[in-house]
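S.K.: Here it is: the structure, laid out below.
The values are calculated or read from the model by the stated rules, or taken from the named source; none is laboratory data. Note that this is a predicted model, so its numbers are computed, not measured. So basically every Cβ, Gly included, is an ideal-geometry build from the backbone, and we count neighbours across all protein chains shown. Surface areas here come from the heavy atoms of the whole protein model, side chains and all, with no ligands, DNA or RNA. Shrake-Rupley method; radii C 1.70, N 1.55, O 1.52, S 1.80 Å.
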Amino acid sequence: MDLALLLLTFVAGLVVGLPVAVTLGVSSMVYLFFAGIPMVTIPQKMYAGMDSFVLLCIPGFILAGNLMNAGGITGRIVRLAQAMVGWMRGGLGLTNVAASMLFGGISGTAAADAASIGGMMIPGMKKAGYPVDFSAAITAASSTVGPMIPPSVPMIIVGTLSGISVGKMFLAGAVPGVMMGIAMMITAWIIARRRNFPRQPWQGWKELGRSFMGAFWAVMMTALIVGGMLSGFATPTETAIVASIYAFVVGVFVYRGLKLSDVPKVLIDSAVSASAILLLVGLANVFGWILVSERIPQMIAEAVLSITTNKFLVILLINLVLLFVGMFMETIAALIILFVPLLTLAQGVGIDPIHFATFAVLNLMIGLTTPPVGVCLFICANIGRISLVQITRAIWPFILTNIIVLLLVSYVPFFSTWLPNLLSN
């Protein structure tokens, strides 16, 4: 009865449109009240969920990304991407994807990518003669590459939940992230050819060199983050702090786009973003603790394994569950609630934890572009001033492309385990 009330309240909160964090908190309170458990359990479990040294790197990486973005990095990355691929048919669409791949190594979140790249590319593509629905759709779809390429907030959460090295999780997402980017570029090129989208003239090797040098210090931030953790000289949290200092120095003294007067606003915005994530982590931990106490993870694993122990079928079932959940739930909340139960199930049929974690995150990234609760859809539709229906119609080719990549990553462990195994030996 208590569990039924928990789930009913949770679903009702999502249906009426409450924020996921509020829904998790209210449904947990209802359960504790009717189960006769003291309400002091909520702050205790919230603190336990947030009391992790690794989670401290989330504010650091968010601050580093915001500092670089405030320092004028977005325009430099777009210029580099355009010099690289803008000369092809539908070049601005390919530029959009390439820029997201480069920007993903700085922001670590899909929403930041969609807002930053979209704010520049969607109006620019529209002015160049591209349909606005296509422009918004490719921006939303390509923004999901960001959390796959290090640094990545979802990968940090996964590492915290599973005990897997965050550095290894960063590396595990790199190859699938590149695969997503290349696949979406191919899709955009095919659509551009069929619909005769415009192409930009080749700007020459000199412009390519200039744009690379212009974006060099930004691209090097990804190398700094990954190199710092792989070398063993710094933990993820220490690396995040170093990245923030690096971003400040580059923004103020190298690019000179970041003014000292802008820093307080960047700090406040970063603190608000990080606080929202950590509040969600804390409340989701309360919800997850309730599920564990009710033995839900074991029940799910036992139920699925009673139907089949075939690894390939189990992977398919996990993918279907996560794709469905991703349509309705925010990524971090979904990970905290479902990751441990599904990891138990995956390990039960011999799936490598790093492999499972990678395709689980990729699943939920696709959910950011699917209605009715696709965050990146709403951001890009708002920038393009189009309806959710219009952007949903235009984004389906890219969603199907990403699902193909998901299946490859799910059924071929090499794509997610090769780089961590290579560089950790």
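S.K.: Given (1) of a type outside the set (A, V, I, L, M, F, W, C); (2) modelled with pLDDT under 85; (3) part of a helix (DSSP H, G or I), where does residue 257 come up short, assuming only one miss?
M.R.: Condition not satisfied by residue 257: (3).
S.K.: Could I ask something else about it? Just the residues that are buried (at least 19 other Cβ atoms within 10 Å of the Cβ) and modelled with pLDDT of 80 or more, please, taken from the stretch 292-314.
M.R.: The answer is 314, and nothing else.
S.K.: While we're looking at this one, here's another question. Among the residues of the stretch 321-346, which ones are of a type in the set (Ser, Thr, Tyr) and surrounded by 22 or more Cβ atoms within 10 Å (Cβ to Cβ)?
M.R.: 331
S.K.: Of the numbered conditions (1) open to solvent by 10 Å² or more (accessible area, probe 1.4 Å); (2) within 27 Å of residue 170 (Cβ to Cβ); (3) of a type in the set (A, V, I, L, M, F, W, C), residue 317 fails exactly one; give the number of that condition.
M.R.: (2)
S.K.: Just one of the numbered conditions (1) surrounded by fewer than 20 Cβ atoms within 10 Å (Cβ to Cβ); (2) touching a residue at least 12 places away in the same chain (Cβ under 8 Å) is not true of residue 234; which one?
M.R.: Exception for residue 234: condition (2).
S.K.: Picking from 398, 415, which residue would you name as being at pLDDT 85 or above and within 19 Å of residue 331 (Cβ to Cβ)?
M.R.: The unique qualifying residue is 398.
S.K.: Shifting gears a bit: Only one of these is open to solvent by 10 Å² or more (accessible area, probe 1.4 Å), closer than 23 Å to residue 217 by Cα and touching a residue at least 60 places away in the same chain (Cβ under 8 Å): 56, 63, 94. Name it.
M.R.: Result: 63 is the single residue among 56, 63, 94 that is open to solvent by 10 Å² or more (accessible area, probe 1.4 Å), closer than 23 Å to residue 217 by Cα and touching a residue at least 60 places away in the same chain (Cβ under 8 Å).
S.K.: With the checklist (1) open to solvent by 30 Å² or more (accessible area, probe 1.4 Å); (2) touching a helix residue (DSSP H, G or I) at 6+ places or on another chain (Cβ under 6 Å); (3) free of Cβ contacts under 8 Å to residues at least 60 places away in the same chain in hand, flag the one item residue 367 doesn't pass.
M.R.: Result: residue 367 passes all but (1).
S.K.: Same structure, new question: Of everything in the stretch 282-330, what is touching a Ser or Thr at 6+ places or on another chain (Cβ under 8 Å) and polar (S, T, N, Q)? Give them in sequence order.
M.R.: Within the stretch 282-330, 298, 319 qualify.
S.K.: What about residue 267, is it open to solvent by 70 Å² or more (accessible area, probe 1.4 Å) and free of Cβ contacts under 8 Å to residues at least 40 places away in the same chain?
M.R.: no
S.K.: Looking only at residues that are among the small types (Gly, Ala, Ser) and at pLDDT 80 or above in the stretch 315-338, which one is farthest from residue 392 (Cα to Cα)?
M.R.: 334
S.K.: Taking the stretch 221-234 on its own, how many of its residues are within 21 Å of the chain's Cα centre (by Cα) and either modelled with pLDDT of 80 or more or among the hydroxyl-bearing types (Ser, Thr, Tyr) (or both)?
M.R.: Number of matching residues: 1.
S.K.: Test residue 135 against the stated conditions and say whether it is of a type in the set (Ser, Thr, Tyr), modelled with pLDDT of 85 or more and in contact with a Cys (Cβ under 7 Å, 6 or more places away or on another chain).
M.R.: No: the conditions fail for residue 135.
S.K.: Moving to a separate point now. Could you check the stretch 299-330 and list, in sequence order, the residues that are part of a loop (DSSP other than H, G, I, E, B) and hydroxyl-bearing (Ser, Thr, Tyr)?
M.R.: Once the filter is applied, which keeps residues that are part of a loop (DSSP other than H, G, I, E, B) and hydroxyl-bearing (Ser, Thr, Tyr), the stretch 299-330 yields 308, 309.
S.K.: Another question, if that's okay. Of the residues that sit in the stretch 193-205 and are closer than 19 Å to residue 142 by Cβ and touching a helix residue (DSSP H, G or I) at 6+ places or on another chain (Cβ under 6 Å), which one is least open to solvent (accessible area, probe 1.4 Å)?
M.R.: Applying the filter and picking the extreme gives 200.
S.K.: Hey, among the residues in the stretch 389-399 that are within 21 Å of the chain's Cα centre (by Cα) and without any contact (Cβ under 8 Å) to a residue 60 or more places away in the chain, which one's nearest to residue 185 (Cα to Cα)?
M.R.: Out of the qualifying residues, it is 396.
S.K.: In the stretch 306-327, how many are under 21 Å from residue 11 (Cα atoms), touching a Gly at 6+ places or on another chain (Cβ under 8 Å) and not small (Gly, Ala, Ser)?
M.R.: 4
S.K.: Sticking with this one: What are the pairs, 6+ residues apart or on separate chains, where a residue within the stretch 202-220 that is part of a helix (DSSP H, G or I) has its Cβ under 7 Å from a residue that is modelled with pLDDT under 80 and aliphatic (A, V, I, L, M)?
M.R.: From the stretch 202-220, the pairs are 215/77; 218/68; 218/73; 218/77; 218/106; 219/102.
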